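Here the structure is laid out as structure tokens; the discussion comes afterwards.
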Amino acid sequence: MSGQLDAEGRAAQVEAAWGRVVAWLKQHAPTSYASLLPPAPETGIANADAALRQHLGFALPSELAALWRLCGGVEHQYIEANGEAGEVGSGAFLPGGILLGPADALRPRLPETGRSDRWGAAVVPWLTGDETGPESGHYVGADGVGYWSLPDNLACDKPGYPSIAAYLEAVHRTLTEGPADAMGPDVPGLVWGCLVWDDPDSPLLDDALEHLSRV
């Protein structure tokens, strides 16, 4: 019963932290807010959990399941000023990029047929700034949230946040209290109704940069 209560408590923390971020988006970044997808279907969450148990021997982190019950991912909105280059992704409103839905989260995580698991840790990707791969992003596991990359040899950094809720709380705190670089060199800004994170000393934005206002 205590484990169930713990899971319920973690779910409540995720719901509260996510709600604060979403409320901020609704007020300040309406295009990013419009990128939020509805909750993931319970069947999708259950299938993800079953696949992890079957192929890797561990369950879906309860925090991630709780988040997917609030939002099943994102869909970038069309922005006319964005042009063909598409510099600004309206759904990439977190420092770690976009929220992966169940299917996209498991795609880089499950081992290929006939191959062993290269991750060596009971973690699941949930954010990525590399949408063409993904080959990097943030993971979540029992020890918290950390960064992973998969160029040639998989590397998982030590957790930088104790939980998804703590990560989301840090995002909201950075947006409302600062400092802007509290979560790293990428700092928040607003462009075309989108919340973006970019390094002011080495910006990735090009044409959109002149339209950017810092939070």
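May I ask you to give the solvent-accessible area per residue for the chain, in square angstrom, as obtained with a 1.4 angstrom probe?
Values: 11020 Å² over 215 residues.
So the chain comes to 51 Å² accessible per residue, rounded to a whole number.
Quick one: pull the percent of accessible area on the chain belonging to carbon and sulfur, 1.4 Å probe, ligands and nucleic acids left out. Working shown, then result.
Working: 5320 of 11020 Å².
Its accessible area is 48 percent carbon and sulfur atoms.
When you count, for each residue, the other Cβ atoms within 10 Å and take the mean per peptide, how do 185-192, 123-130 rank with the highest first? Don't skip to the answer; put the middle values down first.
Values: 185-192: 19.5, 123-130: 22.0.
By packing density, highest mean first, the sequence is 123-130, 185-192.
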Taking amide H positions as placed 1.01 Å from N in the peptide plane, with prolines and chain starts having none, which residues 5 or more places from Val145, or on another chain, fall under 5 Å of its amide H? Gly160, Tyr161, Ser163
Base-10 log of normalised Debye intensity for the chain (one unit scatterer per alpha-carbon) at q = 0.13 Å⁻¹: -0.74
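What does the helix-only formula give at 222 nm for the chain: each DSSP H stretch with n ≥ 4 adding -39500 (n - 2.57), the total divided by the residues, and the result rounded to the nearest 500 deg cm²/dmol?
Details: 6 runs with 71 residues, N = 215.
So the helix-based figure for the chain works out to -10000 deg cm²/dmol.
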Compute, for the range 65-215, the length of the dipole vector about the Cα centre, with Cβ point charges of +1 (Lys, Arg) and -1 (Asp, Glu) only. Units Debye, rounded to 20. 840
Using Cα pairs closer than 8 Å and at least 6 residues apart in sequence, work out the relative contact order for the chain, in percent. 21
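Averaged over all directions, how much area does the convex hull of the C-alpha atoms of the range 89-171 cover when projected, in nm²?
Working: hull surface 22.4 nm².
Over every viewing direction, the Cα hull of the range 89-171 projects on average to 5.6 nm².
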What spacing in nm lies between the two simple spin-label points modelled at Gln54 and Asp157, each 7 Å away from Cα in the Cβ direction? 3.4
Here the range 116-130 yields Karplus 3J(HN,Hα) values (6.51, -1.76, 1.60; θ = phi - 60°; whole Hz; Gly and Pro given as x) of 7, 6, 8, 6, x, 8, 7, 10, 9, x, 9, 10, 8, x, 10
Rg over Rh, two decimals, the range 106-215 (C-alpha only, Kirkwood Rh): 1.03
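Kirkwood hydrodynamic radius, computed over distinct alpha-carbon pairs, for the range 88-131: how many Å, to one decimal? Display every interim value, and only then the final one.
Values: mean 1/r = 0.0855 Å⁻¹.
Kirkwood hydrodynamic radius for the range 88-131: 11.7 Å.
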Given H placed on each backbone N at 1.01 Å, which residues far from Val123 in sequence or on other chains put an amide H within less than 5 Å of it? none
When a/c reaches 1.5 or more, the comparison of a/b and b/c decides; with that in mind, is the range 143-205 rounded, prolate or oblate per its Cα gyration tensor? oblate
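If we sort 68-74, 51-57 on the protection proxy, mean other Cβ atoms within 10 Å, highest first, what's the order? Present the calculation step by step, with values, prior to reporting the outcome.
Values: 68-74: 19.7, 51-57: 13.9.
Descending mean neighbour count gives 68-74, 51-57.
When the dipole is taken about the Cα centre of the range 1-159, and only Lys, Arg (+1) and Asp, Glu (-1) are charged at their Cβ, what size is it in debye, to the nearest 20?
Values: 10 positive and 19 negative charges, 76 e Å.
Dipole size: approximately 360 debye.
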Can you give me the Cα centroid spacing of the range 148-182 and the range 74-110 in angstrom? 17
Could you give the alpha-carbon Rg of the range 57-131 over 2.2 N^0.38 Å, rounded to two decimals? 1.32
Cα Rg, Dmax, the range 1-60, angstrom units: 15.4, 42
Write down the radius of gyration of the range 4-118 and its Dmax, each obtained from C-alpha positions, in Å. 16.2, 49
Once the dipole of the chain is set up from charges on Cβ (+1 Lys and Arg, -1 Asp and Glu), the residue from the list Pro38, Ala155, Tyr78 lying farthest towards its positive end is Pro38
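The values are calculated or read from the model by the stated rules, or taken from the named source; none is laboratory data. As the structure is a prediction and not an experimental result, all values here were calculated from the model. Glycine gets a Cβ as well: all are built from the backbone with ideal geometry, and neighbour counts include every protein chain shown. Just the protein is used for accessible areas: all its heavy atoms, side chains included, with ligands, DNA and RNA removed. Shrake-Rupley method; radii C 1.70, N 1.55, O 1.52, S 1.80 Å.
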